[in-house]
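A short worksheet on the structure shown next.
The values are calculated or read from the model by the stated rules, or taken from the named source; none is laboratory data. Since we're looking at a predicted model, the values are computed, not measured. FYI the Cβ positions are ideal-geometry reconstructions off the backbone, even for glycines, and counts take in every protein chain you see.
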């Protein structure tokens, strides 16, 4: 799925993206945007790596004990 098709799903065109960028510039300032983008990119990368991680979990060992706990 390309970025264009994702943006088309949300109905975002060039004017909408420019407005969003201007709002972000006003809220965070130009100096913080690169660090925010870097953090977002790393978060997405970690999420994708965790989703791809298909290692099976270690089987749980079922141990049954003959001792009963409680008042008898």
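Taking the conditions (1) surrounded by 10 or more Cβ atoms within 10 Å (Cβ to Cβ); (2) outside any loop (DSSP other than H, G, I, E, B) in turn, residue 12 satisfies each one other than (2). Surrounded by 10 or more Cβ atoms within 10 Å (Cβ to Cβ), within 24 Å of the chain's Cα centre (by Cα) and at pLDDT 75 or above: is that true of residue 52 in this structure? It is false that residue 52 is surrounded by 10 or more Cβ atoms within 10 Å (Cβ to Cβ), within 24 Å of the chain's Cα centre (by Cα) and at pLDDT 75 or above.
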